[in-house]
Each structure stands twice: as structure tokens, then as C-alpha cells.
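What follows is a single structure, written as C-alpha cells, with notes after it.
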Amino acid sequence: MTLHDPPPHSRAAILSVRELAAGGLFQVDLLAPRVAAKARPGQFVIVEAQAKGARISLPIAEIDAAEGRLALVFRANGLESLRELRAGQYLEALLGPVGRPSLIERVGTVALVGLGVEAFCLVAIARAFREAGNRVLGLVSAEADMLPPLAEKMAAVCTEARAEADGLALIGLLGETLRAEPVSLALAAGPVPLLRAVREMCAAREVRTRLRVSPLMLDGAGLCGGCRVRVGGRLALCCLEGAEFDAAELDLDYIARRQCACHI
Amino acid sequence: MPPHDADSAPKPKPKRPPRQLMPEQLAAVRVYNFAEVPLGYDEDLARLEASRCLRCKKPGCVTGCPVGNQIPVFISMILEGDFTGAIAKIRETSNLPAICGRVCPQELQCEGHCNLGRAGEPVAIGRLERFVADMERRRGLKVLRRPEGSTGLRAAVVGSGPSGLTVAGDLARLGHEVTVFEAQPAAGGVLLYGIPEFCLPKAIVREEVEHLLELGVKFEYNVLVGSTLTPDELAAAFDAVFIGTGAPVPMLMRIPGEEMAGVCTANEYLYRANLMKAYRHPEYETTIPLGRQVAVIGGGNVAVDAARMAWRLGAEQVTMIYRRLEKEMPARTEEVRHARAEGTEILFLTNPVRYVGDKTGHVRAIDCIRIELGDCDASGRARPCPVPGSEFQVPADVVVVAIGTGASPLVPRVGGLETDRRGLVVVEPETGRTSRPGFWAAGDVVTGPKTVAMAMAGGKRGARAIHAYLMHERGY
């Protein structure tokens with residue numbers, strides 16, 4: 001396929017749609033060779049599922065560049081356009097990859113902490129850290145229905161994966177892990193209270209920590225300003241510079257206040 | 001009648017008709033719809049207006065036009081009823097006449113230099129341009145032709161805003177193979193996401209794009225150059241690359257409370273309304289912050305567009321907050337007049353200091369401060385200085401921030417193009433050539449936010465330079 005071919009690749013084909021858990025948790029596998037070829041763990045795509053559907057950002061859960069495939073895991077919430085996706089259809093629009101890739105380094109032991117649907121992006125990140133030669137500990141939690149698929153996916157890619165029933169227990173598990181072995185880097189994805197707790201616990205033990213946020217992006221090219229966060233005292237757009245930031249620099253209060261500002 | 005009488009009597013000065021008013025939708029009606037506000041001249045009005053032109057030997061209007069449209073020539077063609085000739089004349093220099101006729105700040109460009117305007121009112125050049133361009137569409141007058149042969153040389157155009165569309169059209173007419181890469185799902189850039197339907201119907205943008213398709217230009221949507229495809233890949237697959245990515249990144253004031261619900265950038269507000277059709281929710285899934293009391297920060301065209309959009313989204317009160325005086329507003333005079341007629345109140349010499357929210361974190365009011373104008377700053381405008389102790393509150397449940405935009409950093413960063421302090425791409429002014437061989441740039445990504453006509457002018461210079469490069473250096 002060259003750049004001069006007529007563009008069948010400008011639209012992504014839906015290979016399969018699976019409901020991972022009741023309550024609208026879906027995994028959609030896409031055939032999108034151009035995007036998959038460039039996508040790196042930690043990046044996002046912008047999706048318009050149907051012609052009159054909303055335009056939203058979703059973190060990429062898994063990447064298969066060789067096959068040109070991407071997996072997205074999301075909760076359809078109130079969005080009918082996402083709930084109605086079927087295998088064999090095309091997405092109205094798929095833009096990506098958006099944002100900066102997760103920084104994959106060889107550091108020794110990495111703890112990946114994830115809570116809820118946002119934790120699915122850790123699957124691709126865990127695989128990359130593992131391939132880079134790290135010992136990867138996956139610590140996750142989610143609501144009852146969502147937890148088994150999340151735990152299963154993490155177990156498949158991490159050196160060691162453990163799951164807890166709720167966020168509080170997850171923090172306890174992180175504390176236990178930090179006491180038990182030398183963790184060089186912690187990376188957390190989830191709601192703001194989790195990020196805050198992970199940051200505090202890791203700071204106390206002087207563990208380098210990065211936090212992933214998942215703000216709503218509209219255009220994905222730096223236009224709308226909807227994904228703004230405050231980091232190191234300045235404003236940054238997640239679609240251009242995110243969505244993984246040094247924990248010490250990220251203003252979590254700002255993000256907490258932004259989250260109630262998000263419109264679909 | 002003795003013939004000599006006529007000679008001896010003083011010749012009466014020909015009576016010049018007044019500048020013809022534009023028929024418009026009434027303010028009380030238009031705030032409930034998204035249809036275009038000015039309805040356009042009919043043939044009679046256009047010819048009457050055209051008759052006002054002095055046909056100056058040294059036409060100021062032509063020098064005032066960024067692309068150098070031959071204004072007196074096309075105006076005299078309108079007077080003669082030769083509309084095909086008139087549009088062909090405009091298309092010699094302009095690629096987007098239906099758009100420029102609607103959105104150019106004519107009072108600063110052509111009409112601002114009209115000699116008739118020195119003593120009275122200038123010729124309504126913008127309205128006449130719109131008239132012939134609309135006539136072209138309505139009557140299906142086709143003056144553009146696909147070139148016979150192809151040079152086989154390939155040009156990539158990144159971004160489909162005014163400069164990109166111009167470059168694509170000019171290079172295609174010269175026989176080159178052009179592919180336009182656009183990140184959004186449709187072509188037009190700021191013409192689509194930024195300028196509202198009631199100022200520039202999207203059908204007009206689509207028709208300009210269709211013109212290009214007829215010229216053989218290819219469009220690839222949903223491609224974010226710098227990510228989906230890299231500048232290196234474009235350089236390898238094309239003989240020349242043009243960067244016209246514009247200045248889409250919104251600026252914020254960095255004042256307390258800007259993160260609250262109900263505070264959004266004008267780009268987000270207009271993108272949701274224009275491109276995602278949020279005003280037709282729930283038929284369209286996208287939502288938009290709806291407010292009873294909407295405040296817009298800024299005094300440019302985008303601010304005015306947002307204020308006028310707010311009325312159409314059902315606001316009960318719309319206030320613009322601008323830190324300078326009316327004469328310094330960068331917005332088009334006509335749009336400011338429209339906004340006022342629709343009920344918009346403008347607070348001049350006022351700046352927001354902080355946003356005040358309720359318990360749920362939703363904005364409820366803006367703390368503002370009065371401004372005094374001090375000495376002139378670098379831009380030649382008086383520097384705004386806050387007056388201590390002059391704070392007052394403006395109630396607002398939706399705030400739209402429209403204080404300007406900056407260039408997108410993605411393509412220069414990934415492509416290694418030299419940029420200046422503001423992140424604008426550095427080019428050779430006459431050609432648009434960037435620091436990277438084989439790459440050209442023009443439009444807002446080079447100049448910062450400016451007008452459609454200026455982006456088009458930059459695109460035309462870029463296209464000429466690219467053509468020269470392709471013909472000579474790529475060994476055609």
C-alpha cells in the first residue's frame with residue numbers, strides 16, 4: 001500500500017465487537033493499518049462511530065501493527081453510536097494515533113496500577129515494558145463485572161498480575177508491593193482519587209511515578225482545548241503532549257474540576 | 001431646441017446612487033435559525049452598486065486586496081451584465097471568491113482603499129464579489145477547466161483551510177498531481193469548524209472543494225500529519241510538500257477558575273456547533289454547554305461568531321468582554337453590527353480576573369476589572385492597564401474564551417521545520433520556502449491568525465514557488 005493508492009485506509013473496519021461485561025463494557029477490534037502502524041502504547045484515537053454520533057477520544061488498549069489491528073475497550077455509557085457498533089461496519093471516522101506514547105524505559109521493576117475502564121490501556125503498556133526487559137507488576141481493580149476480563153488481560157502480559165475488589169484494597173496492595181520489593185517506576189491510570197493516592201504512597205517511598213489521565217478530546221489535533229491540564233505550572237493539551245505526566249508536576253485538582261466540565 | 005444651449009449651461013454633476021444596502025434576515029427572526037444572515041444582492045442592486053465605481057486609473061482597491069483582484073474590471077463587467085466574464089476575471093487571481101466575498105474584512109482591505117470612500121462611502125466590493133460568485137454557483141457557470149496533460153509531479157498539501165485549498169487548486173491547474181491531507185473528516189479547515197453556518201454556509205465550502213475534485217485534486221481525510229503519516233513519509237512519496245496547518249491551538253488567559261464546567265474555548269464551542277451540529281442534539285449525539293447568560297471574552301471575529309452562535313443556541317443574554325475600545329476591535333465591522341442588532345452587549349475596557357463557580361464546580365459569574373488605556377505597545381495599540389479597585393461582577397453560566405490562537409506545533413516539531421519564538425514556521429517571505437528543502441508553508445501557520453484572503457495570498461505565492469521548483473529542480 002503506498003500513499004498514492006485510493007484511500008480505503010481512511011476508514012477503519014470493525015472486525016469484531018464483544019461485550020466484555022454487562023453494563024456496556026465493549027471491546028472493539030479494528031482493522032486500521034495506517035493508524036496501527038504508527039500507534040504506540042499509551043496513545044489515543046479519536047472515534048466518530050456513526051454519521052450523527054459523538055466524536056470522542058479512546059485510549060488504545062492493544063496494538064498489532066503487523067496485522068494492522070487495534071483494540072479499543074470502552075464503556076458505551078449513554079452513547080448509542082458506540083453501543084450500536086457491529087462487526088463488518090466501518091467507523092465514520094478514526095483519527096490517530098493522538099497524544100504522546102507512554103515512555104517505555106528499562107528500569108528494573110515497574111508497577112502498573114489501574115482502576116476501572118481506564119486501566120485497559122495498561123495492557124499494551126505492560127507488554128512494551130516487559131519486552132523492554134522489565135519485571136512488570138500489574139495491580140488492578142474494577143467493578144465486579146469488569147474485573148475478570150481486566151485481570152485476565154493483565155495476567156497475560158505482566159510478569160505478575162494481581163487484582164483487588166476495590167480501589168481501597170488496590171492501594172493497600174500497592175503499599176504491600178512497595179514494601180516487599182524495590183520498584184523503580186510506578187505508572188497509574190484511573191480516576192483522580194486513585195491517582196492522588198498512588199502519588200502520595202509512591203512519594204513517601206521515593207518511587208518515581210507517572211500518572212495517566214484520560215480527558216475528553218474532541219478534534220484530537222490541538223484545536224478545542226478540551227483536554228487541557230495544568231502540569232508544572234503551565235497548561236498543556238493532552239492530545240499534543242499527553243496523556244502521561246510526571247506525578248509531581250501534574251495538578252490533580254485542576255483535572256478533578258475539569259472532569260465535571262466534559263461534554264460528550 | 002437650439003444646440004448651443006446645452007453647451008452653455010453648466011453640466012450637472014452625475015448623481016451617484018448611495019451605497020446599496022445588503023438585504024438581510026431581520027434580527028428578531030435570524031436569532032432563531034442558522035440560515036445565512038445577509039441575503040445577497042439581486043441583479044438590479046448589483047448593477048446599481050457597480051455603477052458607483054469611479055474606475056480609477058490607479059485603483060486603490062486592487063492594492064488593498066491581498067491577492068490583487070482586478071476589482072474595477074470585474075465591476076465594469078457586472079455593470080454590462082457580463083457575469084461570466086466577471087467571475088472569470090476574479091478567478092484569475094482568487095480561488096475562493098464566494099468565501100472572501102463573505103468573510104473578508106473589506107473595510108481594511110479593498111474597500112478601505114477605495115477612492116470613493118475618502119469623501120463618502122466606498123463601493124461595496126465584497127458584496128459585488130459575493131454576487132458574481134453566487135451567480136456562478138446558481139447558474140452553474142464553469143470557468144475552471146481540468147488541465148489537458150499531467151506533469152506527473154506530485155505535491156502533498158497538509159491542511160485543507162484557505163491556504164491549502166488555494167495551493168491545491170493552483171498546482172492542479174498547472175497540471176500537477178495534488179493530494180490534500182486533512183485531519184478532520186471534511187475539507188475546509190477553519191471555514192468549516194470555525195466560521196458559523198449563518199456567516200458562511202457550509203454548502204459553499206463544499207462547492208469550492210468540489211471544484212478542486214473536478215480539477216483532479218485528491219483528498220485524504222482523518223490523517224494527522226506528524227502522527228498518522230510523518231513529514232518524512234510525505235517527502236519520500238511526493239516531489240513537494242506544502243504545510244497549511246493554520247493556527248488552531250486556542251490560547252487561554254490562565255486566570256483562576258478557567259477549568260470550571262461552563263468555561264470553554266471558542267474553538268470547542270464553535271467546533272461542537274458547526275462541525276458536530278450540537279444544536280441539533282439529540283438527533284446529533286454531540287452536546288454543547290447551553291447557557292442563559294453567555295459571556296464571550298475577546299473582540300475578534302471568533303468572539304463575535306461565538307456570541308452570535310450563543311443567541312442561536314437559545315441564550316437569553318449575551319455579553320462580550322473586550323479589553324480595548326470599539327475602534328480597536330479586530331472583528332469585521334459588519335459582524336459587530338450584526339451581533340449588536342441581535343442583542344449582544346459589549347463591555348469595552350473590561351478584562352476578566354477570575355471565574356466564580358457554584359458548589360458543583362459550574363461557572364456562575366466572572367469577576368472583571370476596568371481597564372485604562374496606557375501608552376502604545378509593540379502592536380501600535382494602547383496598552384491595557386487595570387484600574388485598581390474597579391472590580392465588578394458579570395453573571396454568566398457559560399463562558400467562551402476567544403482571545404486568540406497559536407500555530408499547531410505537531411508538523412514543525414516532527415518535520416524539523418524552523419519556527420520562531422511564537423511557534424510560527426519561518427519562511428522566505430516571497431516564496432514560502434521553509435528551512436527544510438522541499439517544504440513550503442503559508443497561511444496562519446506562518447503569519448499567526450490573519451484573514452482568509454491573506455492566507456490565500458500566501459498560498460498563491462507558495463504555489464508559484466512550488467511550481468517553479470517542480471519544473472526546474474525536479475527536472476520535468
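The values are calculated or read from the model by the stated rules, or taken from the named source; none is laboratory data. Because the structure is a prediction, the values reported are computed rather than measured. Heads up, the Cβs are rebuilt from the backbone with ideal geometry, glycines too, and the neighbour counts pull from every protein chain shown.
Before moving on, here are some points about what is shown:
- Of the residues B:ASN69, B:ASN95, the single one that is crowded, with 24+ Cβ neighbours inside 10 Å and modelled with pLDDT under 90 is B:ASN95.
- Residue ID - nearest to the chain's Cα centre (by Cα), chosen from residues in the stretch B:409-453 that are at positive phi and away from chain A (no Cβ under 14 Å): B:GLY443
- Whichever residue in the stretch A:221-256 is modelled with pLDDT under 95, within 14 Å of A:ALA189 (Cβ to Cβ) and in a loop (DSSP other than H, G, I, E, B) and, among such residues, is farthest from the chain's Cα centre (by Cα): A:GLY242
- Residue within the stretch A:101-118 that is under 23 Å from A:GLY226 (Cβ atoms), more than 13 Å from every other protein chain (Cβ to nearest Cβ), touching a residue at least 60 places away in the same chain (Cβ under 8 Å) and among the β-branched types (Val, Ile, Thr) present: yes
- Counted residues, the stretch A:108-135 - those being of a type outside the set (Phe, Trp, Tyr) and under 19 Å from A:ASP64 (Cβ atoms): 11
- Pick from the stretch B:153-192, criterion among the acidic types (Asp, Glu) and within 13 Å of chain A (Cβ to nearest Cβ), ranking: farthest from B:ALA236 (Cα to Cα): B:GLU182
- Considering the stretch B:218-232, and only residues there that are surrounded by fewer than 20 Cβ atoms within 10 Å (Cβ to Cβ) and more than 7 Å from chain A (Cβ to nearest Cβ), the residue that is farthest from the chain's Cα centre (by Cα) turns out to be B:ASP232.
- Selection status of B:ARG130, buried (at least 24 other Cβ atoms within 10 Å of the Cβ), of a type in the set (D, E, K, R) and not assigned by TED's automatic domain parsing to the domain that holds B:GLU335: yes
- Residue in the stretch A:190-204 that is within 14 Å of chain B (Cβ to nearest Cβ) and over 26 Å from B:PRO409 (Cα atoms) present: yes
- Candidates B:MET454, B:MET471 - the one that is among the hydrophobic types (A, V, I, L, M, F, W, C) and either buried (at least 19 other Cβ atoms within 10 Å of the Cβ) or part of a loop (DSSP other than H, G, I, E, B) (or both): B:MET454
- Counting the residues of the stretch B:81-120 that are in a helix (DSSP H, G or I), more than 20 Å from B:VAL37 (Cβ to Cβ) and of a type in the set (A, V, I, L, M, F, W, C) gives 7.
- On inspection, A:THR209 fails the criterion of being surrounded by fewer than 20 Cβ atoms within 10 Å (Cβ to Cβ), touching a strand residue (DSSP E or B) at 6+ places or on another chain (Cβ under 9 Å) and among the polar types (S, T, N, Q).
- Within the stretch A:127-206, helices (runs of 4 or more DSSP H) holding 3 or more residues that are within 21 Å of A:GLU62 (Cβ to Cβ): A:147-157
- Qualifying residue in the stretch A:78-94 (condition: within 14 Å of the chain's Cα centre (by Cα) and more than 14 Å from chain B (Cβ to nearest Cβ)): no
- The residues listed here are B:ARG370, B:ARG422; of these, the one that is surrounded by 17 or more Cβ atoms within 10 Å (Cβ to Cβ), in contact with a strand residue (DSSP E or B) (Cβ under 7 Å, 6 or more places away or on another chain) and touching a residue at least 12 places away in the same chain (Cβ under 8 Å) is B:ARG370.
- The residue list B:VAL445, B:VAL399, B:VAL425 contains one member that is in contact with a Gly (Cβ under 8 Å, 6 or more places away or on another chain), closer than 29 Å to A:CYS224 by Cα and outside the structural domain of B:ASN267 (by TED's automatic domain parsing), which is B:VAL445.
- Checking B:PRO384, B:PRO388, B:PRO395, B:PRO449 one by one, the residue that is within 30 Å of B:THR319 (Cβ to Cβ), free of Cβ contacts under 8 Å to residues at least 12 places away in the same chain and not polar (S, T, N, Q) is B:PRO388 and no other.
- Residue in the stretch B:341-351 that is at pLDDT 95 or above and part of a helix (DSSP H, G or I) present: yes
- The single condition among (1) closer than 22 Å to B:VAL414 by Cα; (2) within 11 Å of chain A (Cβ to nearest Cβ) that B:CYS264 does not satisfy is (1).
- Failed criterion for B:LEU234 (all others in (1) assigned to a helix (DSSP H, G or I); (2) over 30 Å from B:THR431 (Cβ atoms) hold): (2)
- Enumeration of residues in the stretch A:20-65 that are part of a loop (DSSP other than H, G, I, E, B), surrounded by fewer than 21 Cβ atoms within 10 Å (Cβ to Cβ) and free of Cβ contacts under 8 Å to residues at least 60 places away in the same chain: A:GLY24, A:GLN50, A:ALA51, A:LYS52, A:ALA65
- For the stretch B:277-326, filtered to residues that are within 14 Å of chain A (Cβ to nearest Cβ), closer than 21 Å to B:MET260 by Cβ and of a type in the set (Ser, Thr, Tyr), the residue that is surrounded by the most Cβ atoms within 10 Å (Cβ to Cβ) is B:THR286.
- Top-ranked residue of the stretch A:149-176 - restricted to ones that are surrounded by fewer than 19 Cβ atoms within 10 Å (Cβ to Cβ) and touching a residue at least 40 places away in the same chain (Cβ under 8 Å), ranked as farthest from A:GLU19 (Cα to Cα): A:GLY167
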